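A.B. asks: Could you have a look at this structure, given as structure tokens, before my questions?
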Amino acid sequence: MKKTLFLGIIYALIITTVFGLLFTLTDGGVKHKVSSRADIEDLQCDGVCFVPLKYAEIYNNRLFGHGDFADGGSGLPSDKTDFENFLTYRFFVRTEPGSAYGFFSKKSDYAMKVFADGVLIAETGRVADAPDDFVPSAGSPRGSFTAAAEETEIIIQQANFNHRMHYDTEIMIGPERDINRYSVLFYIGRTVIFISLITVGLMNLGMYFFFDQKKKLLYLTCLCFAGALNYATPYLVDFISGGINWYISHRVEYCSKILISFFVVAYADAVFEGGISKYLKRIFMAYSAACLLITVIMPSDFYTGISTAGAYILVLLLAVMLANLAVSFKKDRVEIEKYDGLIIYGFIILMLFSFIELIRPPVEFLKFIQTETGIVVFTFINTVALALDFNETRRQLDEAIIREKELLQTNEAMVKIGNMRDAFFADLSHELKTPLTVIGNISALTKYQLKNGIANERTVSDLEKAENEAVRLGKMVDNLKLKSVTKFENNGEKTEDLAETLNYAADFCLPLCKRYNNRISVACGEGIKADISEDLIFHCMYNLISNASRHCRNSVIELSGKAEGDKVMIAVTDHGDGMTGSEMEKAFNRGYSGDSGTGIGLTLCREIAEDNGGSILLSDTPGGGLTVTIIFNGC
């Protein structure tokens, strides 16, 4: 078990690293990264150049073109006012005349025009200085140009009337071949992650259909699809179709983020049932529904204006629920399964990545940490954890089947022994009747002959017959000793610790119960002794627990033991289908079963109890179910 869990954690770390690197796949082709105004003033375009436009010349609330800078831009207002709805960026790159160069931006979120020496090379949406003429685009602007001189002027016009938050735009510029390679790698990385999420989602959907439709599989499937939808908007849609209406794309993207957080919580609640406070869940669901409603019906400049505060609240709620879950673990309110450590690791990674993306730390090696990375890592880790859990369940099921076969074979053997005993008593009663009748008749006749003095040779012959019948009767009495072999007698053995015996029976029967997702609880006082062997108590518990588990789903089977006076009472309580009055009357009949059972278990339990001076009772469990109580003598 420890080895498997260790290997699972190693796999989780590998997944985290691989997908983190996949998110930064394109950065390997960047030759120059502009990190200051000094860098952009002497930018050599001999490879892919990563240019944050905040270091370029910025003309806020102005749309300038190449002609406006004919005199070098003297007298034009720059950096005088804050960016509101439109602006112009301007910078120069060193180029080789006659060489082809390319331009690429991962995402505009606005409208953008790009000019190289006054020639339009890329455009997304419609740039305008008035909202009525403005059209946003979710696409990624791409274009190319041929350098005419050793220095090329790049002017970028950008407008934004649709998005309250203004992100720093980042562009890539360089030799056309390198830029094409960069953009292709960018889309390949995103496509691989998109396909991975869809594949994992379909795999979990298949497991949901074929493995008793567990809710956690359905929620994990929805999480994968929501993550894929978030990823497909707008990158893949832009790559495949050439663009999509920004308002639709942006709403889908924001809604998918909200759905991701919703399905994460739903999945956690399904995995760690009862671990999250119902009040926290209600607050989170109400908040998620409100966010979805605002995103769907309100204008984009409204919901984008509150998105950062909304994201902080969302992360805070998730953190509180994670803390609540940790408290539940500590107080043992939630049963931690074998591979839950992997699932918890996935939750921590998702929360950590989401928080780091939200605060945007200025650390280069943390740039790959995004919510999308966390979602991919989370879904893969949880799929592996579920696969390991299913493998463990299959192993336990195999063990349960083997034990059930052994029990069935034991019960069948006992049935045969019981039938032989019943047949023996039937034959014995018949055979005893015959010699006793003969002996009785001969005795009466001989007494009459002796009394009347008429004894003769016939009298001697009759006495010899009586003697022969007596010998045969003696042999039958000797055979009666064999009854002790088939009777459930104790032979002097005692149970020294009833609690230990019940706990052993619970542990032994747990694989049988997990077949129906049931658990076993034991409540027994210390130092209780019973005048019956542990093996016979165990045999009773095994039959009663297996019967109870077949009639319950997702429930707890309760074993309890207590001493009352000189008696010991053991109860097996379930919360399943229960029995009607007529079914209780027939329950101990050999061969009677209300389901697919053999109809032997309760009969054997009664025989064990009664053969050892005890009794067995059936009663209804309050709230539904059946309680079987066996009473033995204490000691």
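A.B. asks: Tell me which GluC sites (Glu not before Pro) from the stretch 134-207 have a DSSP coil assignment and no more than 13 other beta carbons within 10 Å of their own. Let's see the in-between values first.
C.D. replies: On the way: sites: E150, E151, E153, E170, E176; in loops: E150.
Here the GluC sites (Glu not before Pro) that fit, given the DSSP loop and packing criteria, are E150.
A.B. asks: State the extension gain, in nm to one decimal, for the chain segment bounded by I248 and E412, taking 0.36 nm per residue of separation less the distance between their alpha-carbons. If you can, show how the numbers build up before the last one.
C.D. replies: Values: separation 164, 0.36 × 164 = 59.04 nm, distance 6.80 nm.
Extra length from I248 to E412 when fully extended: 52.2 nm.
A.B. asks: Tell me the Kirkwood hydrodynamic radius of the stretch 92-160 in angstroms, computed as one over the mean inverse distance between distinct C-alpha pairs. Walk me through the numbers before you get to the answer.
C.D. replies: Details: mean 1/r = 0.0800 Å⁻¹.
Taking the inverse mean of 1/r over all distinct Cα pairs, the stretch 92-160 comes out at 12.5 Å.
A.B. asks: Among 543-549, 519-525, 50-56, how do they line up by average Cβ neighbours within 10 Å per residue, starting with the highest?
C.D. replies: Working: 543-549: 24.6, 519-525: 15.6, 50-56: 19.6.
Per-residue Cβ counts within 10 Å, averaged per peptide and sorted highest first, yield 543-549, 50-56, 519-525.
A.B. asks: In terms of modelled amide H atoms, which long-range or inter-chain residues lie less than 5 Å from the amide H of C524?
C.D. replies: For C524, whose amide H was placed from the backbone, the distant partners under 5 Å are G561.
A.B. asks: Using the structure shown, list the pairs from K330/K529; K54/K106; K31/K106; K214/K405 with a Cα-Cα distance above 25 Å, or answer none.
C.D. replies: Numbers: K330/K529 34 Å; K54/K106 16 Å; K31/K106 17 Å; K214/K405 27 Å.
From K330/K529; K54/K106; K31/K106; K214/K405, over 25 Å: K330/K529; K214/K405.
A.B. asks: I want to check the label-to-label distance for N456 and A149. Put each point 7 Å from Cα in the C-beta direction and report it in nm to one decimal.
C.D. replies: 16.0 nm
A.B. asks: Could you order peptides 219-229, 622-632 by the average number of other Cβ atoms within 10 Å of their residues, highest first? Walk me through the numbers before you get to the answer.
C.D. replies: On the way: 219-229: 24.3, 622-632: 17.6.
Sorting 219-229, 622-632 by mean packing, highest first, produces 219-229, 622-632.
A.B. asks: Could you provide, to the nearest whole Å², the per residue accessible area of the stretch 535-635 with probe 1.4 Å? Write down the numbers at each step before the final one.
C.D. replies: Values: 4250 Å² over 101 residues.
Here the per-residue accessible area is 42 Å².
A.B. asks: Points 7 angstrom from Cα along the Cβ direction at R394 and T199: gap in nanometres?
C.D. replies: If labels sit at R394 and T199, their model points lie 2.0 nm apart.
A.B. asks: Here are some pairs, K514/K586; K216/K281; K278/K331; which of them have Cα atoms lying more than 27 Å apart in this structure? Before the final figure, lay out the partial values.
C.D. replies: Working: K514/K586 29 Å; K216/K281 16 Å; K278/K331 17 Å.
From the list (K514/K586; K216/K281; K278/K331), the Cα-Cα distance tops 27 Å for K514/K586.
A.B. asks: Run the numbers for E96 and K405: contour at 0.36 nm per residue of separation, minus the present Cα-Cα distance, in nm. The partial results should precede the final answer.
C.D. replies: On the way: separation 309, 0.36 × 309 = 111.24 nm, distance 8.22 nm.
Contour length minus Cα-Cα distance gives 103.0 nm.
A.B. asks: Modelled label-to-label distance, D42 and A309, 7 Å Cα→beta-carbon offset: nm?
C.D. replies: Inter-label distance under the simple model: 4.6 nm.
A.B. asks: Compute the signed sum of charges (Lys and Arg +1, Asp and Glu -1) over the other residues within less than 12 Å, Cβ to Cβ, of G102. Don't jump to the answer; show the numbers that get you there.
C.D. replies: Numbers: positive: R142, R177, R181; negative: E176, D178.
Around G102, the surrounding residues sum to +1.
The values are calculated or read from the model by the stated rules, or taken from the named source; none is laboratory data. Values in this document were obtained by computation on a predicted structure and should not be read as measured data. Heads up, the Cβs are rebuilt from the backbone with ideal geometry, glycines too, and the neighbour counts pull from every protein chain shown. Note: accessible area is taken over every heavy atom of the protein model, side chains too, but ligands, DNA and RNA are not part of it. Shrake-Rupley method; radii C 1.70, N 1.55, O 1.52, S 1.80 Å.
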